[in-house]
Structure formats: C-alpha cells, structure tokens
Amino acid sequence: MGGVVALGMFDGVHLGHQKVIGDTRAMAQRLGVPLSVMTFSSHPLAVIAPERVPPVITDEAERSALFSELGVDYLMELDFNEAFSRMSPSDFIDMLSETMRPRAVVVGPNYSFGAGGRGTPEMLRDVGERLGFDVVVSNAVFVGAEMVSSTRVRRSLAAGDVRDVTACLGRMFSVNGVVCHGDERGRTIDFPTANIELSDGRAMLADGAYAVLVTIESGQYKGSRHDGMANIGYNPTFGASSKRLETHLFDFSGNIYGEKMTVSFVEKLRGEVKFSSIEALCDELQKDKLIARKILDERDD
C-alpha cells in the first residue's frame, strides 16, 4: 500500500484514537499517500483470556463508519487468532512491513504488540528505521486531569456518567438497532416505547432513565429526528426477562416496528427504580418527561 498506517484496537474511536488518526491523516497528506488503519476485528483477549474480554464500546459497523468520517482510505481488520497470540514482536513488525509496506506508522503512547504485549512504540521505531519506515507516537489526550482511554470510557458508562463519556468520545454515546415488539404496556399508560434488545457483549450505560435524541434510520420516517427519553434495564416494576432499551419519542405516534433506530444519550435523569404501583410509575414518567424536555430544549446544537 505504501501509505501512512495507524495501528491500534480503536474500540470507541475516542479522542485519543482520533488524535492518532488525525496525526496519521496529516502525515499522509504531507506525503501525498493514503491513510490506512490496521486493527483487529475482535479484542485480542477473546483468544488470550476470554474471561477478561471487555465489553465493546463500538461495534464493527459503527467503528468502520467513524473511520470513514475521519478520512481513512483503507481499513484492514485482522482476525486475532492463536497464531497471532504467539507472534513475537519482531515477527509482527515483519508482517506489518510486508503486508502494508508503510512509509510511516502512527501509534498511541500505550500501544503494545506481539506475544504478551511485549512490543513497545520504542521497539517499533528502532526496527522501523532498519526496515525503512518512520514511526510517530501521538501524544495522549486528557480530559480534565485523566488521560482519555477505552478503560475510562467503559468505567464512565458503567457509572452512568454521560457527560464524561461524551467528553471522552467527542460525540454522544449512541445505540442503534431494530425496533422490536415489547410488552406494549407503555401504550396503556400513554407512554408508548420503541424497544431495542441489548447485547451482553456491548458496553452500556448504567441502568436508568436518560434524556435522548433519536434518529430513525429506515422506513417511512427515515432521517427524522426526535427528542425523547429512554430507560435502560429490566423494567423492575413489571419484571422484564431481558435487558432492553425502551425509548419514548416525544410528539410522535408513527409505527416503526422493524425499523432501524439510533438513540443518542444526552444526560442521565435517574437510576432504575421499582415502583410500588402503575400510578407511581406514571407520576415519575411525567416528571422525567418535563426534565428531559428542559434538558433537550437547552442544548446548544
């Protein structure tokens, strides 16, 4: 390929990852060559230590779309398998050189590679000089006093800290999926919801209620955007058997079953609560709706 290559896992494509890709893009433009990303299609821990695999922040399709938005010309997603897990750092660099033929390589400050993660940016730079390519190590990105990392994003998601997640990602955290049938109780209390089943392998915000922005991605209402509020969890008042995202779209009454929908989280309203009665639930939902409308009306778009 002969371009400039960004290396990393890039789960979340957070501000630190965007810095790596931005540095790669700048160098590629100076050299007049393509910008490439080489990554893995799944987390290496899925092979090395399956019990420690972290939940993914962005699925493969979302990550690919974000790469495209950042100007990536070529994306190589490698399958991390047993052979990769045993590959020495020097063999990994040889593979990189032979496969990508880079003019330069860009990595983040914590990048590691090869069996046991023994390869370091310094090692990559030393070997790269002999093989004819430059190595650039991007500076870490800080939000507040702490470095932005995928670990930090997962921790903030688990805590329901929407503001920190948004600050670290440089965009709102979003969930997309196909609207499925639920118990349809919402219709009986004038709070109909569009439901998306949630995967156990996906990093998710803490259970609770949130102010959200919704985009319908297919069907009759494709491209329409709506304010709303959403609940993540098992709906303990009624004892749902599976975890789901239930979203109430404000001022909308169309049928979107089977359509694709993206829900972007703006701010947390409260934690998940088991209410003593339907009346108590309805009262709380009315309060949530007023607060969510105020939050969304005050946003700077």
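The values are calculated or read from the model by the stated rules, or taken from the named source; none is laboratory data. Every value quoted in this text rests on a predicted model; they were computed, and no experiment measured them. In this analysis, Cβ positions are derived from the backbone assuming ideal geometry, glycine residues included, and neighbour counts consider all displayed protein chains. Accessible surface is based on the protein model in full, side chains and every heavy atom, while ligands, DNA and RNA are left aside. Shrake-Rupley method; radii C 1.70, N 1.55, O 1.52, S 1.80 Å.
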Kindly establish whether ALA83 is surrounded by fewer than 14 Cβ atoms within 10 Å (Cβ to Cβ) and over 25 Å from SER156 (Cβ atoms).
-> yes
Among (1) of a type in the set (D, E, K, R); (2) over 17 Å from VAL135 (Cα atoms); (3) modelled with pLDDT of 95 or more, GLU51 falls short only on (3)
Do we have SER68 as open to solvent by less than 30 Å² (accessible area, probe 1.4 Å) and modelled with pLDDT of 95 or more here?
-> no
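Among the residues of region 39-59, is any among the aromatic types (Phe, Trp, Tyr), surrounded by 20 or more Cβ atoms within 10 Å (Cβ to Cβ) and free of Cβ contacts under 8 Å to residues at least 60 places away in the same chain?
Filtering region 39-59 for residues among the aromatic types (Phe, Trp, Tyr) gives 40.
Now restrict to residues that are surrounded by 20 or more Cβ atoms within 10 Å (Cβ to Cβ): none.
Checked against the condition, which is being among the aromatic types (Phe, Trp, Tyr), surrounded by 20 or more Cβ atoms within 10 Å (Cβ to Cβ) and free of Cβ contacts under 8 Å to residues at least 60 places away in the same chain, region 39-59 yields no hits at all.
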Counting only residues that are of a type in the set (S, T, N, Q) and surrounded by fewer than 22 Cβ atoms within 10 Å (Cβ to Cβ), which one in region 244-272 is farthest from GLY228 (Cα to Cα)?
-> ASN255
Taking region 14-36 as the region of interest, how many residues are buried (at least 19 other Cβ atoms within 10 Å of the Cβ) and either in contact with a Phe, Trp or Tyr (Cβ under 6 Å, 6 or more places away or on another chain) or of a type in the set (Gly, Ala, Ser) (or both)?
-> 4
Could you tell me which residue of region 251-301 is farthest from MET204 (Cα to Cα), considering only residues that are in contact with a Ser or Thr (Cβ under 7 Å, 6 or more places away or on another chain) and of a type in the set (Val, Ile, Thr)?
-> THR262
Quick check: anything in region 216-223 modelled with pLDDT of 95 or more, open to solvent by 20 Å² or more (accessible area, probe 1.4 Å) and under 25 Å from VAL106 (Cβ atoms)?
-> no
Complete set of residues in region 92-146 that are touching a strand residue (DSSP E or B) at 6+ places or on another chain (Cβ under 9 Å), in a helix (DSSP H, G or I), of a type outside the set (S, T, N, Q) and open to solvent by 50 Å² or more (accessible area, probe 1.4 Å) = GLU122, MET123, ARG125, ASP126, GLU129
Looking at region 273-301, which of its residues are open to solvent by less than 90 Å² (accessible area, probe 1.4 Å) and either in contact with a Pro (Cβ under 9 Å, 6 or more places away or on another chain) or in a loop (DSSP other than H, G, I, E, B) (or both)?
-> VAL273, PHE275, SER277, ARG299
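When you look at ASN176, is it at pLDDT below 95 and either in contact with a strand residue (DSSP E or B) (Cβ under 7 Å, 6 or more places away or on another chain) or closer than 22 Å to GLY16 by Cα (or both), yes or no?
Here the answer is yes, as ASN176 does meet what is asked.
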Can you name the number of the only condition in (1) within 15 Å of TYR210 (Cβ to Cβ); (2) out of contact with any helix residue (DSSP H, G or I) (no Cβ under 9 Å at 6 or more places or on another chain); (3) modelled with pLDDT under 95 that VAL273 fails?
-> (2)
Does ARG63 meet the test of being part of a helix (DSSP H, G or I), out of contact with any Ser or Thr (no Cβ under 7 Å at 6 or more places or on another chain) and buried (at least 17 other Cβ atoms within 10 Å of the Cβ)?
-> yes
